[in-house]
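Each remark here refers to the structure printed beneath this line.
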Amino acid sequence: MKKLNGFESYLVISGLNKVCEEMKADIISYENSGKLPLMTTGYVDMIIADAIKKIELLTLKQK
C-alpha cells in the first residue's frame, strides 16, 4: 500500500477539520431548533481524531 506524502496528508487533514466544523455547526443548529440530532459534537470530534491518527500512520516520515 502506498503512503501519503506530507502535502497529501495536509490536504486530507485540513479537509477533515473543515468537515468537522461544519458538522458541529449543523448539530448545534439542530439542537437550537429543538430537534434531537443523531450524533453529538463530542462523537464527531472523536471520529475525526481517529481518522486523523490513521492518516498520520499512512503518511511518509520526514528524513
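Restricting attention to the stretch 6-21, does a residue exist that is in contact (Cβ under 8 Å) with a residue 12 or more places away in the chain, in a strand (DSSP E or B) and open to solvent by less than 100 Å² (accessible area, probe 1.4 Å)? Scanning the stretch 6-21, I find no residue that is in contact (Cβ under 8 Å) with a residue 12 or more places away in the chain, in a strand (DSSP E or B) and open to solvent by less than 100 Å² (accessible area, probe 1.4 Å), so the answer is no. Count of the stretch 36-63 residues, restricted to those that are surrounded by 10 or more Cβ atoms within 10 Å (Cβ to Cβ) and in a loop (DSSP other than H, G, I, E, B), is 5.
The values are calculated or read from the model by the stated rules, or taken from the named source; none is laboratory data. Note that this is a predicted model, so its numbers are computed, not measured. Using ideal geometry, Cβ is built from the backbone for each residue, glycine included, and neighbour counts are taken over all protein chains shown. Note: areas computed on protein heavy atoms with side chains; ligands, DNA, RNA excluded. Shrake-Rupley method; radii C 1.70, N 1.55, O 1.52, S 1.80 Å.
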